[in-house]
Amino acid sequence: MSQKKLPEAMVDVAVMAAIRYPLTYRVPPSLDVRTGQRVQVPLGSRRATGIVLQSRARIAPGFQLRDVLRVLDPEPLLSPELLTLGLWIAEYYLAPVGEVFRAMLPLRAQTGRVRLLQLTARGRKKLDELETSLIEDAREGSEARLLRFLAQHQSTHHSQSSQAGVPLESVRRKFPESFPELIASARAEGWVTTLEIERERGQRRVLGVRLADSAPAVQGPMPERVPRLSPVARRILEALEAEGAAEDHRDLLKSTRGSLSHLRNLADAGLIEINEGRPSLAASAEQSVAVCVPPLLTPAQAAVCDELTARLGSGKFSVALLHGVTGSGKTEVYLRLIARCLELGRSALMLVPEIALTPAVESQFLARFGKEVAVLHSGLTETERHEAWWRIRRGEAKVALGTRSAVFAPLENLGIVVVDEEHESSYKQEETPRYHGRDVAVVRARLAQAFPVLGSATPALESYWNARQGEYHLSTLQERISGRQLASVEIVDMRQEFRRTQFQVPISRRLEEQMDAALEARAQTMILLNRRGYSWFLLCRSCGQTQRCINCSISLTYHRRAHRLMCHYCGYTAEVPIRCPSCNSEYLQYVGEGTEKIEAKLAELFPGARVERLDRDAARRRGHFRKVLADFKQGKIDILVGTQLIAKGHDFPGVTLVGVVSADLGLSLPDFRAAERTFQLLTQAAGRSGRGDAPGRVLVQTFFPEHYAVRLASEQNYEGFFAKEMSFRRLMHYPPSAALANVIAQHKDLEQAARIAKQIGDYFESVESDSPNLKILGPTPAPLARIQGRYRIQFLIKANSRTRLNEILRRLVDYCEEQKISPQHVMIDMDPVSVM
């Protein structure tokens, strides 16, 4: 990057806080400040980090500027291209500019606030008295040991900090039994004082943990040398026994509610082995070499490759939509385009929607491009993300692969941006800044004059509409590679199943029969149910009450593995009651089925089969989802049960049967995208079957077999669905035929939420009369009327012009500032993927 030192003495800084606009600071003559660098600045009574956006020649008279405190980076971190992208996101998605740049820099904080305990002069005098005392209890008592510990360690830390002191946490660990009383007494006597300082952070160690080879079974008898296991130690051993080695000790300790001392004790007892964590991805990439020989292209793939390669080589910005049926070889097209991009001396960016997809794609990219690849996603440790980011920033990696946030990878001379499974809602961030990764990728490509390629078997209606309108170039792959046929789809009417069996069962007789046949043929089966947990909720059959979240207007889901009731929105958990809390009845019933229950049911139906589950709960356990996917691909698992994580982009040649349980689950949601999401999920799930030599079958269980989303998905008829759904969208003025924003007034107090909604409603009434093409729905309680303790009142705003809608929303933000409405009480979501 070639930014020059700013000649002016003032700069605009995007402070990483919930502040809408940049703040202006004075640059002291002693500092060398450049645009794109991180700086530390004063903000109120504290210090904050910010990004330098630009120099400023003058400010309005009467303002007294505060100084930039220090420069955190020797060189700019963000290029002018990324600075421009961040400012566009802040403007378009109406996000605080500092929050945008915080999201763009997934770097480990350079400094942190540390609370220190400092020995005072009075304390030193007291220590001298105690040291020379003739009474042994005084010399060796807790007070003397505390003061001696501080004096010794304070001198050690003195060279590292101008403010000598010992971290309070270190003192707490040294004196665990008497800490509160001891410190309180020392403070009262004036022997110690506490202070808080900024301190450089050290690099955190990541430890790998595995069961020792000689460790006995957890449930079996322990050797005499092993002390009695505590509940925490038992949980750690059970987790390692059930899930295998842990690559990151922090994840293991979090899931078992343990501490590092528990691990050390188990290691001392010879039950586990602790070692430095897994090699960094940078090291893995360095060891990788490009040894993969690209496969031969089909004529259809070759034609698409030639077509898109010509567009890549033109150097002109244009967006391509690659619409290819499942199994048509889109990934190979991406790899060929990226290889050509590297030959042209430019870098490449590849986005995937879910962390669960990165292992398979990562292995393909490492095999093809070796050490040129760096991986970025939230599933990495802080250190791994930091290392990968800097590998890209230094130019050591020319190909960035990752999920949504990888769109901000600091690639120089970007040539191509690929967004795989571009229809996925997970590309939309659901907290500030509420950007859409796919749309930001297109804007970034435009800024870099790069070539964006969006790919999917079931494109988002907005993308396909743009292709139909001529704004995107459309390329198609209509056949699977190697002449394989699309899987045949059979719809199972669960209403008929109930009439014939008089039981409501999760697995129909037809699906059970087909699974049995697949097992006989030594083929693999995937079962999709897009609801995790064991049961949907716990119902009292006496009074009809369900156990609800204390923070959200939602019933708690029962998770059998943890034996807890959990909220999937705020994370609240509760114990499972023995009796109804409302009426004291003992007649409690678990209603509905989630992936845990289906897994247990299938293990019961097919006792000889190897059954595994993969959902968001399982994916949280670091490394576990990689192991499950690898085992399934190697044929070590017969039946894989999962949520939508298993329906996206995976290639398992051994799968000949896919069963979809409760296919219509999403159709009942009050969301205009419900049919689109159902169609996409069913089509993608069907695409997992029949990718090998054997033909594939798909069974779709539904109570609404006539619904067009289910019927057209079973036919894998995207064109038919697009035509049908677009007629509804035009009629009701929903995207892509109109621009849409979701505005929610939210507050922990219902009356306050209603008052804010009234003020927002007054604003919309004033602008609606001047805007004939503006439609405003609301105020009305949101479908999820309370989340994380906040009551939510919703407005949906539709407009023919996205520019006009954005202008109205910016004026709304100004209006809220005038009315002293806090930004945390108004949520504005431009281009929402969900209105729940």
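Computed FRET efficiency, Cβ-Cβ of Ala57 and Leu195, R0 30 Å: what is it to the nearest 0.05?
Efficiency for this residue pair is about 0.15.
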Multiply the residue separation of Arg541 and Arg510 by 0.36 nm, subtract the distance between their alpha-carbon atoms, and state the gained length in nm to one decimal.
8.0 nm
Using a 10 Å cut-off on Cβ atoms, rank the peptides 437-447, 712-722 from the highest mean neighbour count down.
437-447, 712-722
Accessible area per residue, 1.4 Å probe, Å², for the chain: what's the number?
46
Could you point to the residue in Thr702, Pro61, Leu366 farthest towards the positive end of the chain's charge dipole, with +1 and -1 charges on the Cβ of Lys/Arg and Asp/Glu respectively?
Pro61
Expressed in angstrom and ordered largest first, the alpha-carbon extents of the range 227-267 along the principal axes are 25, 19, 17
Can you list the residues, at least 5 places off or on another chain, whose amide H is less than 5 Å from the amide H of Asp67, using H built in the peptide plane?
Arg26
Where both partners of a DSSP beta bridge lie in the chain, what percent of those bridges are antiparallel, to the nearest 5?
55
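Pairs Lys601/Lys633; Lys330/Lys371; Lys254/Lys398: which exceed 29 Å Cα-Cα?
In this structure, Lys254/Lys398 exceed 29 Å between Cα atoms.
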How would you rank 656-667, 49-60, highest first, on the average number of other Cβ atoms within 10 Å across their residues?
656-667, 49-60
Unit charges on C-beta of K, R, D, E only; dipole of the range 476-538, Debye
200
Sort the following peptides by mean Cβ neighbour count (other Cβ atoms within 10 Å, averaged over residues), highest first: 561-569, 410-418.
410-418, 561-569
If unit charges are put on Cβ atoms (+1 for Lys and Arg, -1 for Asp and Glu) and the dipole of the range 304-378 is taken about its Cα centre, the option from Cys341, Leu376, Gly324 lying farthest towards the positive end turns out to be Cys341
With viscosity set to 0.692 mPa s and temperature to 37 °C, compute the Stokes-Einstein D of the chain, Rh being the Kirkwood radius across alpha carbon pairs; µm²/s, no decimals.
108
Placed amide H near Ala782: partners under 5 Å, 5+ positions off or other chain:
Arg792, Ile793, Gln794
Over the range 709-771 - Rg/Rh using Cα atoms and the Kirkwood inverse-distance radius:
1.24
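Let me have the 222 nm mean residue ellipticity of the chain computed from DSSP H runs of 4+ only, each contributing -39500 (n - 2.57), with the sum over all residues rounded to the nearest 500.
-11000 deg cm²/dmol
Using the Cα centre of the range 696-774 as the reference point, and only Cβ charges (+1 on K/R, -1 on D/E), how large is the resulting charge dipole? Debye, rounded to the nearest 20.
Using only the charged Cβ atoms, the result is roughly 340 debye.
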Of the heavy-atom accessible surface of the range 308-400 (probe 1.4 angstrom), what whole percent is carbon and sulfur?
50
Radius, Kirkwood style, for the range 14-133 when every pair of distinct Cα atoms is counted (Å):
16.8
Given backbone amide H placed at 1.01 Å from N, residues whose amide H is under 5 Å from that of Ile272, ignoring those fewer than 5 places away on the same chain, are Ala212, Ala267
Per the charge dipole of the chain (beta-carbon charges, Lys/Arg positive, Asp/Glu negative, Cα centre), the residue among Asn265, Leu474, Ala239 reaching farthest to the positive end is Asn265
Quote the charge dipole size of the chain about the Cα centre in Debye, to the nearest 20; the model charges only the Cβ of Lys and Arg (+1) and of Asp and Glu (-1).
1000
Considering only the other residues whose Cβ falls under 13 Å of the Cβ of Ala757, what net charge follows from Lys and Arg at +1 and Asp and Glu at -1?
0
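The values are calculated or read from the model by the stated rules, or taken from the named source; none is laboratory data. If you're wondering where the values come from, they're calculated on a predicted model, not measured in any experiment. As a convention, Cβ positions derive from the backbone with ideal geometry for all residues, glycine included, and neighbour counts pool all protein chains shown. Quick note on the areas: whole protein, heavy atoms, side chains included, nothing else; ligands and nucleic acids left out. Shrake-Rupley method; radii C 1.70, N 1.55, O 1.52, S 1.80 Å.
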